1. Quick check on my filter: what residues within segment 6-22 are open to solvent by less than 70 Å² (accessible area, probe 1.4 Å) and either polar (S, T, N, Q) or in contact with a helix residue (DSSP H, G or I) (Cβ under 7 Å, 6 or more places away or on another chain) (or both)?
2. Out of all the residues in segment 32-66, which are more than 16 Å from the chain's Cα centre (by Cα) and surrounded by 12 or more Cβ atoms within 10 Å (Cβ to Cβ)?
3. For residue 25, are the conditions met, namely being part of a helix (DSSP H, G or I), among the aromatic types (Phe, Trp, Tyr) and exposed (fewer than 11 other Cβ atoms within 10 Å of the Cβ)?
Amino acid sequence: LALVNLLVRNYGLLRALFLTFATYYSTLGISVLCYRLSPLHPLARYPGPTICKVSAVWMARITATGKRHIYLQRLHDRYGDVVRVG
């Protein structure tokens with residue numbers, strides 16, 4: 001609310017609300033992304049593709065094609081017995 005109050009004078013109510021929500025959600029997304037890629041994450045010691053560490057959307061896309069088992073087999077061939085996919 002404090003940010004909206006500061007921005008209302010210059011941008012109007014709707015634009016101030018949009019900027020506030022955009023700032024909040026982009027900050028939230030960037031912080032989640034940084035945490036999932038950081039060594040502080042509990043699964044950081046397990047290898048795997050970066051896209052799978054960041055989001056489950058990639059695995060959902062692979063699953064929708066019906067080729068998940070093939071993709072997981074390739075990941076195990078590349079990274080070993082334990083692979084981080086989520």
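1. Initially, segment 6-22 is screened for residues open to solvent by less than 70 Å² (accessible area, probe 1.4 Å), giving 7-8, 12, 16-17, 19-20, 22.
Across segment 6-22, the qualifying residues are 7, 8, 16, 17, 19, 20.
2. Once the filter is applied, which keeps residues that are more than 16 Å from the chain's Cα centre (by Cα) and surrounded by 12 or more Cβ atoms within 10 Å (Cβ to Cβ), segment 32-66 yields 46, 47, 62, 63.
3. Working: part of a helix (DSSP H, G or I): yes; among the aromatic types (Phe, Trp, Tyr): yes; exposed (fewer than 11 other Cβ atoms within 10 Å of the Cβ): yes.
Judged against the criteria, residue 25 is a match.
The values are calculated or read from the model by the stated rules, or taken from the named source; none is laboratory data. Remember, it's a predicted structure, so these values are computed and weren't measured experimentally. All Cβ positions, even for glycine, are placed from backbone atoms using ideal geometry, and neighbour counts span all protein chains on display. With ligands, DNA and RNA removed, areas are computed over all heavy atoms of the protein, side chains included. Shrake-Rupley method; radii C 1.70, N 1.55, O 1.52, S 1.80 Å.
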